[in-house]
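Report on one structure; see the data block that follows.
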Amino acid sequence: MEESKELQIQEKKVPHLVILPIPFQGHVNPMLQLANLLHSKGFSITVIHTNFHSPNPSNFPNFHFEFIADGLSDGKIWTEDPISAVYVLNDSCQEPFRDCLSRLLSDGPHGPVTCIITDVAFYCTEDVADQLKVPRILLGTSSASCVATMLSLKVLQQNGLISISDGEPNTLIPEIPPLRIKDIPDMGTADPETCERIGVGIHNAMRSALGYIMNTFDGLESTELAKFRQEIHPMPLFEVGPLYKFSPGSSNSILTQDYSCMAWLDKQAPQTVIYISFGSSGSFNEKDVVEIAWGLANSDQPFLWVLRPGSIHGHDLVKLPEGFEEKTRERGQIVKWAPQQEVLAHPSVGGYWTHNGWNSTLEGICEGVPMLCSPYLWDQNLNARYVSHVWKVGIQLENGFDRSEIEWAIRRLMVEIEGKEMRERVSALKENAMRCMAKGGSSYESLESLVDLIMSL
Ligand code: UDX
């Protein structure tokens, strides 16, 4: 930011932002990254957080924290069904949020609240903010492609031009290439009525919001951003991604990251390691884990594999097949949770096998690492399809987990010419990201406009 703008902030009273993330890793990360970024611009920050999945406030000495009741008492169930959790959160948090915000308005530690920034999925905040007359800005944590696709789909369905419920999953949808029926975002195990209510809640909550922030960049999703911008006009759209690059080193992790793998990565040759992580909420059956393990072992590539405790159905402890450890001891490393952004930025990492959550996809792209894609639900199928067929920087595993297919896909990615070409394309996208973040770039300018908007309140 220009020096004069920082001075302006200092001279004016310091704007006080209240942020409210949805308490799942893929939502907490971009929200706290945004908060860090805005704090670095001179704003004071209060985080209102649920007791569920609460971050450790001592990791954020610059923020003030308030915790609210959330109705999610059995954490394990909700981790496995985040969509239903979002519904319960909106049902349970409205009153605690109202009480908390009222208290902050009358005697908060940082003076009057200038504005609240909430996750777009926290739609219960609309009524509260409107009644208490506090301006509200939204943060959407998925890609512009995902939001633009949902808009196209809605129009197609309203006009009776398409029905996806009874089609064969691999059928291409000609109106929205290159997507197939199975690439359309799906809500997992949540019941359709719950999904419908969440959709209506989000739609309504957009009515009185002052702006919409997205964690993406124009050099990746320009067409989709233009489409969404047109749709929400006159509400301004701020694409300020990749957020994690603007606020590096901030520890937003709900789980403890094991840094021991960094020393192991230091010992590996450049671009030889495949990093495997399937995000914060996915889980596998035992058979899948056996296939993944043997696929990795037979590929002969060095690997770093994140195996979260509880990520295998019915087992708190992870048990790997007999003989696997012996075969891979020299070239494999397993951790419970990794410092993913640092891992992907490490020169020895040459490939990334991912579930294609949006944060993970963005991190892979912005570190210039080509991907193997194993999406399982929500927006991940769509993200994977964009990775493999739009940006052409990855290969999607289409048939679940099969050791021969895995072995072959790892080789294609890590040693074949096909992988080299993908690496070149993803490196070009990484360059685009840097350009968008630099002074005069679209993300940089969008951030400036967001700061201007908040300062004008
Ligand atoms: C979920 C959905 O999967 C995703 O599709 C949606 O867009 C957001 O919510 P999640 O499954 O957690 O998120 O995936 P993702 O969005 O990729 O976020 C995971 C985050 O955890 C990433 O920022 C990643 O850096 C971090 N992570 C992952 C770690 O810090 N360590 C790890 O070992 C693995």
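Taking the residues in segment 285-299 that are of a type in the set (A, V, I, L, M, F, W, C) and either within 14 Å of the ligand (Cβ to nearest atom) or in contact with a Lys or Arg (Cβ under 7 Å, 6 or more places away or on another chain) (or both) as candidates, determine which candidate is least open to solvent (accessible area, probe 1.4 Å). Quick ask: steps written out before the conclusion?
First pass over segment 285-299, keeping only residues of a type in the set (A, V, I, L, M, F, W, C): 289-290, 292-294, 296-297.
Then drop every residue that is not either within 14 Å of the ligand (Cβ to nearest atom) or in contact with a Lys or Arg (Cβ under 7 Å, 6 or more places away or on another chain) (or both), which leaves 294, 297.
Working: TRP294: 48, ALA297: 0 Å².
Only one residue tops the list, namely ALA297.
On the basis of being out of contact with any Leu (no Cβ under 7 Å at 6 or more places or on another chain) and crowded, with 24+ Cβ neighbours inside 10 Å, does PRO375 make the cut?
Considered against the rule, which asks whether it is out of contact with any Leu (no Cβ under 7 Å at 6 or more places or on another chain) and crowded, with 24+ Cβ neighbours inside 10 Å, PRO375 comes out as yes.
Remark: pairs (first residue in segment 382-405, in a loop (DSSP other than H, G, I, E, B); second residue among the basic types (Lys, Arg); Cβ separation under 9 Å; 6+ apart in sequence or on different chains) = TRP391/ARG425; LYS392/ARG425; VAL393/ARG423; VAL393/ARG425; PHE401/LYS287. Taking each residue of segment 168-182 that is in contact (Cβ under 8 Å) with a residue 12 or more places away in the chain and looking for partners that are part of a strand (DSSP E or B) with beta-carbon atoms closer than 6 Å, six or more apart or interchain, yields ASN170/ARG180; ARG180/LEU172. The selection criterion, being among the hydrophobic types (A, V, I, L, M, F, W, C), within 17 Å of VAL390 (Cβ to Cβ), within 11 Å of the ligand (Cβ to nearest atom) and in the same structural domain as GLN301 (by TED's automatic domain parsing), does not hold for TRP378. Any chance you could count how many residues in segment 220-254 are open to solvent by less than 60 Å² (accessible area, probe 1.4 Å), free of Cβ contacts under 8 Å to residues at least 40 places away in the same chain and in a loop (DSSP other than H, G, I, E, B)? Total satisfying the criteria: 1.
For segment 193-227, which positions are of a type in the set (Asp, Glu) and closer than 15 Å to PHE238 by Cα? Selection gives ASP218, GLU221, GLU224. Answer yes or no: is there a residue in segment 317-324 that is assigned by TED's automatic domain parsing to the domain that holds GLU363, touching a helix residue (DSSP H, G or I) at 6+ places or on another chain (Cβ under 9 Å) and basic (Lys, Arg). Yes - at least one qualifying residue is present in segment 317-324. Within segment 280-290, identify whether any single residue is among the aliphatic types (A, V, I, L, M) and more than 30 Å from SER348 (Cβ to Cβ), and answer yes or no. Taking every residue of segment 280-290 in turn, none turns out to be among the aliphatic types (A, V, I, L, M) and more than 30 Å from SER348 (Cβ to Cβ). Among the residues of segment 30-62, those identified as within 15 Å of the ligand (Cβ to nearest atom), farther than 20 Å from CYS115 by Cα and open to solvent by 20 Å² or more (accessible area, probe 1.4 Å) are HIS53, ASN56, ASN59. Taking first residues from segment 99-119 that are farther than 15 Å from ALA35 by Cβ and partners that are assigned to a helix (DSSP H, G or I), the Cβ contacts under 8 Å between residues at least 6 apart in sequence or on separate chains come to LEU101/VAL128; LEU101/ALA129; LEU101/LEU132; SER102/LEU132; LEU105/LEU132; PRO112/LEU105. The single condition among (1) within 19 Å of GLN257 (Cβ to Cβ); (2) more than 13 Å from the ligand (Cβ to nearest atom); (3) buried (at least 20 other Cβ atoms within 10 Å of the Cβ) that PRO302 does not satisfy is (1). Does VAL390 meet the test of being more than 27 Å from ILE184 (Cα to Cα), open to solvent by 20 Å² or more (accessible area, probe 1.4 Å) and in contact with a Pro (Cβ under 8 Å, 6 or more places away or on another chain)? No, not satisfied. Taken over segment 417-457, the criterion of being crowded, with 16+ Cβ neighbours inside 10 Å and not in a helix (DSSP H, G or I) is satisfied by GLY441 alone.
Criterion first (touching a Gly at 6+ places or on another chain (Cβ under 8 Å), in a loop (DSSP other than H, G, I, E, B) and touching a residue at least 12 places away in the same chain (Cβ under 8 Å)) does GLN257 satisfy it?
Values: touching a Gly at 6+ places or on another chain (Cβ under 8 Å): no; in a loop (DSSP other than H, G, I, E, B): yes; touching a residue at least 12 places away in the same chain (Cβ under 8 Å): yes.
Spelling it out, it is not the case that GLN257 is touching a Gly at 6+ places or on another chain (Cβ under 8 Å), in a loop (DSSP other than H, G, I, E, B) and touching a residue at least 12 places away in the same chain (Cβ under 8 Å).
The values are calculated or read from the model by the stated rules, or taken from the named source; none is laboratory data. What you see is a predicted model; the values in this text were computed from it and never measured. All Cβ positions, glycine included, derive from the backbone under ideal geometry; neighbour counts span all protein chains shown. Heavy atoms of the whole protein, side chains included, go into the accessibility calculation; ligands, DNA and RNA do not. Shrake-Rupley method; radii C 1.70, N 1.55, O 1.52, S 1.80 Å.
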